[in-house]
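Every number here is computed from the coordinates shown, using simple stated rules; none is lab data. On a predicted model such as this, the values are computed, not experimentally measured, just so you know.
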Amino acid sequence: MPVLEELRQAVVDGQAKAAVARATQGLEEGIPAEVLLRDGLISAMQEVGRLFEEGEIFVPEMLVSARAMNATLVVLKPLLATEGSEARSEGKVVIGTVQGDLHEIGKNLVAIMLEGSGFEVVDLGTDVSPERFLEAAEAGADVVAMSALLTTTMTNMKAVVEALGRAGLRDKVRIIVGGAPITDRFASEIGADGYAPDASKAVRKVRELLAVKA
Ligand code: B1M
């Protein structure tokens with residue numbers, strides 16, 4: 001089996017050690033980190049989602065797959081950061097997964113790519129309340145970046161936009177949103193400044209938003 005397929009299968013099976021070993025092997029064979037991420041890790045999580053939806057696996061299995069993905073990301077992180085960097089850009093980004101939502105992998109990827117592109121990133125983690133986003137933005141931020149993976153939690157993004165508005169920060173801080181259920185239209189509806197479908201486009205969008213601000 002080619003190494004990419006083995007990597008994908010190891011993540012689907014939740015075998016962290018095997019996944020890390022296959023990713024390392026892939027890098028040694030000259031496969032770019034970005035390809036290992038896209039065709040190995042992200043593709044594996046899509047399969048995990050499909051298996052969950054069809055009732056073939058349950059939450060504990062999703063969790064071990066997520067752990068295998070996170071362990072492998074540690075190996076790829078330095079390379080993704082380098083590959084993601086173009087011109088260095090200045091700016092501070094506060095990022096988190098919204099209240100009620102524990103999905104962190106996509107948010108972590110966005111944070112990794114932003115850091116690699118020269119941004120200062122404050123990662124608030126998961127299940128972040130509007131108050132916590134506001135507090136971090138008040139401490140100084142150019143961009144607030146929110147991730148949501150659940151249709152039930154994506155609506156919590158609006159509360160953050162409103163909290164920033166009430167605090168008078170809306171013209172100082174740009175807001176970007178993303179995550180599987182999020183769309184450009186939803187971003188506009190809740191009053192965010194931008195949406196990105198994946199981590200590298202999130203970096204592009206943040207650059208664009210800060211250029212507009214300057
Ligand atoms: Co959950 N889960 N999960 N889960 N989970 C999904 C999201 C789901 C689609 C699975 C399914 O049914 N097919 C479904 C949501 C359905 C819906 O709302 N429509 C679901 C569900 C139902 C649940 C629970 C409710 C299950 C339960 O308890 N019955 C529960 C909710 C818990 C909670 O959050 N309160 C739950 C729990 C979990 C685990 C904790 C077990 C685990 C997460 C572990 C962790 O993160 N540490 C988990 C996982 C792993 C998944 C799937 C399988 C994979 C998610 C993932 O990491 N994808 C997921 C199915 C799927 O996505 N196909 C599923 C890989 C990641 C790279 O992609 O996060 O989309 P993603 O990020 C992408 C883009 O979206 C974008 O960039 C990334 C790519 O570069 N992006 C941004 C993300 N954030 C961005 C921010 C930006 C810009 C781009 O700007 C700021």
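Annotations for the structure displayed:
- When the pairs 17/158; 77/205; 172/201; 17/92 are compared against a 28 Å limit on Cα-Cα distance, 17/158; 17/92 fall above it.
- In sequence order, calculated HN-Hα J values of the range 16-29 (Karplus, 6.51, -1.76, 1.60; Hz; x Gly/Pro): 4, 4, 5, 5, 4, 4, 5, 5, 4, 4, x, 4, 4, 7
- Degrees separating the helix 59-84 axis from the principal Cα axis of the chain, which is the longest one: 70 degrees
- Other-chain or far-sequence residues with amide H under 5 Å of residue 122's (modelled H): 93, 94, 95
- Angle of helix 199-213 to the longest C-alpha principal axis of the chain, folded into 0 to 90 degrees and rounded to 10: 20°.
- log10 of Debye I(q)/I(0), alpha-carbon scatterers only, for the chain at 0.07, 0.10, 0.14 Å⁻¹: -0.22, -0.44, -0.83
- Karplus-derived HN-Hα couplings along the range 93-105 (A = 6.51, B = -1.76, C = 1.60, θ = phi - 60°), whole Hz, x at Gly and Pro: 10, 9, 10, x, 8, 5, 3, x, 10, 9, 6, 10, 5
- The range 104-175: C-alpha gyration tensor shape, a/c 1.5 cut-off, then a/b vs b/c: oblate
- Cα gyration tensor shape for the range 89-209, rounded if a/c is under 1.5, else prolate or oblate: rounded
- Long-range amide H partners of residue 175 with built H, under 5 Å: 144, 193, 194
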